[in-house]
Amino acid sequence: MNWNTNSSPSEELKQFEAAFKNALSSPKRVFTIAAIALVLIAGYSSFYEVQPDERAVVTRFGRYVSTQGPGLNFKLPFGIDRALKVSTRVEQEIFGFRQAVPQTQAVQGNFTANRAATGNPAEESLMLTGDLNVADVQWVVQYQVSDPRKWLFNVASQQRNIRDISMATMRRVVGDRSVFDVLTVGREQLALQARMLTQEILNKYDMGVEIRDFNLQRVTPPDPVQPSFNDVSSAIQNKNEMVTLANAEYDRLIPEAKGRAEREVLGAEGYATEIVNRAKGDANRLVQVIREYNKAPEVTKTRLYLELAQEMFGRFQSVTIVDPSLKGLLPVFEQSQSSSDAIAATQRAAAIEQAQLAPTRNQR
């Protein structure tokens, strides 16, 4: 069939309709066209491509068959098999605030931008603490589909469920803590506990989702009470400083006092031991003196007298006898060589007297 290139568009359309009717008038041509169309449709519906960050869940007449990985995959044509693609990228849900979401859902870093969340952010973030105070908590949950089959068939409204579960667990964790614990030192523990509880509930629902991260973005008191909270925080900080100083002073004084007390106790114990030992020695010496006195009373008396005289004279530096009948002073000895000679003479006299009395003691 020859086409007239100089004809108008309406004429060309009429020529095409005539040619199509002419082709349909032949059964052989109809069968050929149908076969070609059938092959094209079968080929188009038999192959599908899965991206690296996707998984394909294949169903046959609505029943699960398999899960296919990235690449070019084959399925039965004409709608017998259907390939449902599930994203396995790290997704995130934000709570208590909103941010702009690109129209293309482009990947930001290693996770995709969150899908638009409904609800009032202020209502999501305001939470009641365990001591009946209110805290403004903002957080982000990052999750990833670990089992596409469970994600598609076990639960409906997956995103809504994840948001509801996360808000419920966060309110539960915050409700078990004081406001100062939530706002200060307990943030890390709070995020860890909320992540564990959220994952535990998701596992019970068998959603095929794994929590990748649970970040607390901003934890503050509500705006109307922010100044009062700052005053309380300042007072608590001052109290902690005073407690720290008091503890430091305590750590300095108490060990020193304990050391002095232990030193005094040890000194007293040593003094007591010394006095007791000295008393025991004096008692033993007195027993020995009594025993000797019973054997030789005169000798013992003389010896005791001489020992006392020796001890007394040993304490004097000089002795001067004043006699009213004399007109001068009579120095007996000076604490020098003369005193030493006098002491030695006294000792010799005591020895001679003991030697003289020895036969008498033996006779007895």
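The values are calculated or read from the model by the stated rules, or taken from the named source; none is laboratory data. If you're wondering where the values come from, they're calculated on a predicted model, not measured in any experiment. Neighbour counts run over all protein chains shown; Cβ positions are idealised from the backbone, glycine included.
Within the range 132-150, the set of residues being in contact (Cβ under 8 Å) with a residue 40 or more places away in the chain and either among the aliphatic types (A, V, I, L, M) or touching a helix residue (DSSP H, G or I) at 6+ places or on another chain (Cβ under 6 Å) (or both) comprises Asn133, Val134, Ala135, Asp136, Val137, Gln138, Val140, Val141, Val145.
The residue that is surrounded by the most Cβ atoms within 10 Å (Cβ to Cβ), counting only those in the range 233-275 that are under 30 Å from Val179 (Cβ atoms) and of a type in the set (A, V, I, L, M, F, W, C), is Ile236. Within the range 201-216, the residues that satisfy the criterion of being closer than 23 Å to Leu126 by Cα and either of a type in the set (Asp, Glu) or free of Cβ contacts under 8 Å to residues at least 40 places away in the same chain (or both) are Ile201, Asp213.
Residues checked against (1) part of a helix (DSSP H, G or I); (2) at pLDDT 75 or above; (3) more than 60 Å from the chain's Cα centre (by Cα):
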{"site": "Ala261", "(1), (2), (3)": "yes, yes, no"}
{"site": "Ala268", "(1), (2), (3)": "yes, yes, no"}
{"site": "Ile275", "(1), (2), (3)": "yes, yes, no"}
{"site": "Arg285", "(1), (2), (3)": "yes, yes, yes"}
{"site": "Ile290", "(1), (2), (3)": "yes, yes, yes"}
{"site": "Ser340", "(1), (2), (3)": "yes, no, yes"}
{"site": "Ala344", "(1), (2), (3)": "yes, no, yes"}
{"site": "Ile352", "(1), (2), (3)": "yes, no, yes"}
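Counting the residues of the range 170-191 that are part of a helix (DSSP H, G or I) and either of a type in the set (A, V, I, L, M) or outside the structural domain of Arg212 (by TED's automatic domain parsing) (or both) gives 8. Residue-level check: of (1) within 26 Å of Gln159 (Cβ to Cβ); (2) modelled with pLDDT of 90 or more, Tyr48 misses just (2). Exactly one residue among Ala156, Ala113, Ala122, Ala100 is surrounded by 14 or more Cβ atoms within 10 Å (Cβ to Cβ) and modelled with pLDDT under 95, and that residue is Ala113.
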